[in-house]
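Undergrad: Below is one structure. I have some questions about it.
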Amino acid sequence: MMKRIRHYCSPSLIKLTAVLIILMLLGMTLTGCESRTNDPVEEVKIGVLTYDEYDTFINAMTKHMTKWCRQKEKEEDIRITIDIVGAKKSQLTQNDQARKFIAENYDVLCVNLVDRTDASGIIDKAIANDVPVIFFNREPVEEDLSRWDKLYYVGAIARQSGELQAKIITDALSDPERFAEIDVNNNGTIQYVMLEGEAGHQDSLVRTNVCTAALVDAGFSLEKLGDEYANWDRDQARAKMIELIDRYPFQIEMVIANNDDMALGALDVLQEQDYPLDPFVVGINGTEDALEAIRTMKLDGSVYNDAKGQGETIMEMAYDLGTGKDFPDTIEVIFDKYVFTPYSIITYDNVQQYITEES
Ligand code: GAL
């Protein structure tokens, strides 16, 4: 018996057992490593940087971003930190904010540049630290965006907003009765003022040029009385409109604004001054206040700029980049970089649909 036991414990058996134990331990270690890499990500940290904290449209977009994250947290049992900071229109401040997010190990940055021609400070830091960046709304120049494959842009195609704004106007002017109402001095030409967003912004430049060119192409006779920058802002538009009315009393038949806040600023003044004419006023964005003004027939129309769609798309992409997933097929990424949401027309006839969607 003893002999047998000794036999079973022979040196070769001991060696075999040792090898087996080593293999088992190795196996356990390997499995352990594997499960660590497959561990679900517990937290995604997203830094959102906006050019300014007082922009109505951008704030609508960030509201939808936060909402998306809270919903995703519930669905996926994951912590999503979303930190939103405004740059007070200073690119240097924004560069510093980006640097801080990167130093605090944020996984992704979503950047609404202050100066769309000056993205290099943020891009350099992002590349050096391997932090992907989704730019939005203020489109960086192509040369910057093509520097790295983890740089993206989410926005809308400015040309389309100009075309649709022109369509709202041409639809109204094509109706002879409506034309006669708008052309108060009955000279066959529409006297108008243009309120522009911001010098150098793709949406200002393109919306202004495309809209006016389309009106001329449609065969309408137009006379531009004035053209002023009001930086997307309701109060600045009010100030500009007061000046324009002073310069052209009883002459303004139409106000074309690059966005809703400026259109609403113009309307404020027209109402306050009890302006004797009833100019045709159009904006762009479809903000809450604009939808209400269209519903109550104060604003003649707007072009829907999809704050919800853009905000949600940016978050989906940020989340996927942060968790190492591919973007879903529902997001069409052009040239592996660009995602655009479509614009659409809002007038009194369909405004209710937008009010319902927003609420
Ligand atoms: C435009 C929008 C404006 C303003 C601007 C800021 O797309 O229509 O209202 O928000 O972006 O960059």
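Undergrad: Can residue 123 be described as within 19 Å of residue 51 (Cα to Cα) and open to solvent by less than 80 Å² (accessible area, probe 1.4 Å)? I'd like the intermediate steps shown before the answer.
TA: On the way: within 19 Å of residue 51 (Cα to Cα): yes; open to solvent by less than 80 Å² (accessible area, probe 1.4 Å): yes.
Spelling it out, residue 123 is indeed within 19 Å of residue 51 (Cα to Cα) and open to solvent by less than 80 Å² (accessible area, probe 1.4 Å).
Undergrad: Hey, another quick one. Considering the stretch 333-350 alone, what residues qualify as being free of Cβ contacts under 8 Å to residues at least 60 places away in the same chain and closer than 30 Å to residue 169 by Cβ?
TA: Within the stretch 333-350, the first condition is being free of Cβ contacts under 8 Å to residues at least 60 places away in the same chain, and the residues that meet it are 334-335, 348-350.
Those that are free of Cβ contacts under 8 Å to residues at least 60 places away in the same chain and closer than 30 Å to residue 169 by Cβ: 334, 348, 349, 350.
Undergrad: Now for a different question. Can you tell me which residues in the stretch 46-67 are open to solvent by less than 40 Å² (accessible area, probe 1.4 Å) and not in a loop (DSSP other than H, G, I, E, B)? It would help to see each step written out before you state the result.
TA: From the stretch 46-67, those open to solvent by less than 40 Å² (accessible area, probe 1.4 Å) are 46-52, 55, 57-58, 60-62, 64-65; that's our starting set.
Across the stretch 46-67, the qualifying residues are 46, 47, 48, 49, 50, 57, 58, 60, 61, 62, 64, 65.
Undergrad: Another question, then. Can you tell me which residue is nearest to the ligand (Cβ to nearest atom) among those in the stretch 137-146 that are among the charged types (D, E, K, R) and crowded, with 16+ Cβ neighbours inside 10 Å? So that I can check it myself, show each step before the final result.
TA: Residues of the stretch 137-146 among the charged types (D, E, K, R): 138-139, 142-144.
The next check asks that each one be crowded, with 16+ Cβ neighbours inside 10 Å; those that pass are 138-139, 144.
Working: 138: 5, 139: 10, 144: 17 Å.
Top of the filtered list is 138.
Undergrad: Being more than 18 Å from residue 243 (Cβ to Cβ), more than 11 Å from the ligand (Cβ to nearest atom) and open to solvent by less than 20 Å² (accessible area, probe 1.4 Å) is the filter here; which residues of the stretch 188-204 pass it?
TA: Correct list: 190 only.
Undergrad: While we're looking at this one, here's another question. What number of residues within the stretch 236-272 satisfy the criterion of being within 14 Å of the ligand (Cβ to nearest atom) and either surrounded by fewer than 18 Cβ atoms within 10 Å (Cβ to Cβ) or farther than 21 Å from residue 215 by Cβ (or both)?
TA: Within the stretch 236-272, the first condition is being within 14 Å of the ligand (Cβ to nearest atom), and the residues that meet it are 236-237, 256-265.
Restricting the remaining residues to those that are either surrounded by fewer than 18 Cβ atoms within 10 Å (Cβ to Cβ) or farther than 21 Å from residue 215 by Cβ (or both) gives 236, 261, 264-265.
Summing the residues that are within 14 Å of the ligand (Cβ to nearest atom) and either surrounded by fewer than 18 Cβ atoms within 10 Å (Cβ to Cβ) or farther than 21 Å from residue 215 by Cβ (or both) in the stretch 236-272 gives 4.
Undergrad: Could you tell me whether any residue of the stretch 274-285 is at pLDDT 95 or above, in contact with a Gly (Cβ under 6 Å, 6 or more places away or on another chain) and outside the structural domain of residue 60 (by TED's automatic domain parsing)?
TA: yes
Undergrad: Report the residue count in the stretch 149-176 for those that are open to solvent by 40 Å² or more (accessible area, probe 1.4 Å) and more than 16 Å from the ligand (Cβ to nearest atom).
TA: Residues of the stretch 149-176 that are open to solvent by 40 Å² or more (accessible area, probe 1.4 Å), as a first pass: 149-150, 157, 159-160, 163, 167, 171, 174-176.
Those still in the list that are more than 16 Å from the ligand (Cβ to nearest atom) too: 149-150, 167, 171, 174-176.
Residues that pass the stated criteria total 7.
Undergrad: Return the total of residues in the stretch 98-115 being under 18 Å from the mean Cα position of the chain (by Cα) and surrounded by fewer than 20 Cβ atoms within 10 Å (Cβ to Cβ).
TA: Looking only at that region, the number is 1.
Undergrad: Here are 294, 284: which of them is more than 15 Å from the ligand (Cβ to nearest atom) and buried (at least 24 other Cβ atoms within 10 Å of the Cβ)?
TA: Values: 284 fails: more than 15 Å from the ligand (Cβ to nearest atom).
Exactly one of 294, 284 is more than 15 Å from the ligand (Cβ to nearest atom) and buried (at least 24 other Cβ atoms within 10 Å of the Cβ), namely 294.
The values are calculated or read from the model by the stated rules, or taken from the named source; none is laboratory data. Note that the structure is a prediction, hence the values are computed from the model and not measured. FYI the Cβ positions are ideal-geometry reconstructions off the backbone, even for glycines, and counts take in every protein chain you see. Ligands, DNA and RNA are excluded from the accessible area calculation, which covers all protein heavy atoms including side chains. Shrake-Rupley method; radii C 1.70, N 1.55, O 1.52, S 1.80 Å.
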